Amino acid sequence: MHDLAKHAPTAPDWGALRRDFPILDQTVHGKPLIYLDSGASSQKPRAVIDAISRYYEHDHSNVHRGIHELSNRATAAYEGARERTARFLNADKPSEIVFTRGTTESINLVAATWGERHVGAGDTILLTELEHHANLIPWQQLARRKGAQLLYVPVLGDSGVPDPAKVDELLTPAVKIFAFTHISNTMGTINPAAEWCARARALGVATLVDAAQSAGHCPVDVAAMGCDFLVFSSHKILGPTGIGVLYGREERFAEMPPYQTGGEMIVTVDWHDAKFKPAPHGFEAGTPDVAGAVGLHAAMDYLDAIGRQNIFEHDRDLAAYAYTRLSELGGVRLFGPGTDRAGLVSFLLDDVHAHDVVTLADQHGIALRGGHHCNQPLHRKLGVKSSARASFYFYNTHEEVDRLVEVVEKVRAFFNR
Ligand code: C6P
């Protein structure tokens, strides 16, 4: 299926790594905090927090504008983060990395520029039923503007696996772009990104991979994957909020008109016309989030020092354990693949609203997410309004999963009184 199941060479000291996260050392409602909501946003290690403080204490200025020392330092820090991101993704060049506000803005940028230019009336945009609203609504809006059609690879019920036969059927030369999530934020499905990109490429179809749930949790190599675009958010990979990444293959960026216009993205400006810079700066109008880039750089260094393959194995192991333990309780409906899943588990208790599960878990210090997780059509297809989700990172432990299972049992007992 996917190519991520290789074995990690050395096991990191997970307990020591956990102590790098100051926020985890606290009680909530009188109970030790158990943070199982990293799919929404990860916590930050001291190395990231310190890198941002250091930048503001010593190096901050605006970038690309000044010739003074601080501006030069800020520019070096910002461009250094771009170079680091290119290495993080194994991109060919730093110029293939554009900084945005996050996954959502990255996808909107591609839909509004590449999509505006390349998608026309009668064309097809192919998505899967797993897509987060961020990888659905921008395409919906584009399709509406252009008179294009949206098609979805259906998922096979609660398994959360996109139907392989339908991928064969729907991925045709009529498709302009196939935009899909690498890891589903509700189901934990790991899609075969390299395989799908190769098939799309052979048909001349562009690809966009939503790596919001994968970039910080497993190796992501755009060269091996063969995608045209790949997007993710810093805040889900230990970095700060407010910054994200758009990887674009050089030749794709070259065929895109500007997105936002204004300062820093121009070569020359006249009263009635302007000439624009190429990527990456041509897609980064205005003052960028320099401190965010510094924090993201530190996060990528931290993750790669642990090894993303190690993290992948760790999170998968926890999710598999949680899935098994929860499935042993009666009356729990579990979503997503039974095996071969990423580090999150969504579930529902018979006759108990997900919000009640999450609220009661919170009383025990456990942070879960409850709701539709920005996957409303998917939940509707499953015949439910919402689900509860536990999402794991390398700072979580088996003991925390045991505690979650105990609390879910308590919730069930409470509602069955
Ligand atoms: N999912 C979750 O709890 P932003 O908000 O731009 O950083 O990321 C959007 C996004 C896009 N794609 C996927 C697969 C995602 O999981 C997310 C964010 C969070 O599941 C918040 S809804």
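The values are calculated or read from the model by the stated rules, or taken from the named source; none is laboratory data. Keep in mind the model is a prediction, meaning the values are calculated, not measured. FYI the Cβ positions are ideal-geometry reconstructions off the backbone, even for glycines, and counts take in every protein chain you see. Accessible surface areas use protein heavy atoms only, side chains included; no ligands, DNA or RNA. Shrake-Rupley method; radii C 1.70, N 1.55, O 1.52, S 1.80 Å.
Observations on the model:
- Computed [θ] at 222 nm, helices only, for the chain once each DSSP H run of length n ≥ 4 contributes -39500 (n - 2.57): -11000 deg cm²/dmol
- If you sort the three axes of the alpha carbon gyration tensor as a ≥ b ≥ c, you get a/c of 1.5 or more for segment 236-330 and a/b above b/c, which makes it prolate.
- Efficiency of FRET between Arg201 and Ala413 - r from beta-carbon atoms, R0 60 angstrom, step 0.05: 0.70
- Share antiparallel - DSSP beta bridges, the chain, percent rounded to 5: 60
- Solvent-accessible area, 1.4 Å probe, carbon plus sulfur percent, for segment 275-361: 53
- For the Cα trace of the chain, dividing Rg by the Kirkwood Rh returns an Rg/Rh value of 0.98.
- Three-way shape call for segment 212-279 based on the alpha-carbon gyration tensor, with the a/c threshold at 1.5: oblate
- Linear extension gain, Ala165 paired with Ala40, 0.36 nm per residue minus alpha-carbon span: 41.9 nm
- Cross-link check: pairs Lys236/Lys410; Lys44/Lys385; Lys31/Lys410; Lys236/Lys381 evaluated at a Cα-Cα cut-off of 20 Å; pairs beyond the cut-off: Lys236/Lys410; Lys44/Lys385; Lys236/Lys381.
- Pairwise centroid distance, computed over Cα atoms, of segment 61-94 with segment 322-388, Å: 41
- In nm, spacing of pseudo-spin labels at Gln26 and His398 (7 Å Cα→C-beta vector): 3.0
- Solvent-accessible surface (1.4 angstrom probe) belonging to Ser41, in square angstrom, nearest 10: 30
- Ranked packing of 140-146, 126-132, 217-223, 202-208, most packed first, by mean Cβ within 10 Å: 126-132, 217-223, 202-208, 140-146
- Solvent-accessible surface ranking, highest first, for His314, His182, His60 at 1.4 angstrom: His60, His314, His182
- The chain: relative contact order as a whole-number percent, Cα under 8 Å and 6+ apart: 22
- Listed peptides 271-280, 230-239 by packing density, highest first (mean Cβ within 10 Å): 230-239, 271-280
- The modelled label-to-label distance between His68 and Thr268, using points 7 Å beyond Cα along the C-beta direction, is 3.0 nm.
- Simple label model, 7 Å out from Cα along Cβ direction - Ala16 to Ser53, nm: 2.2
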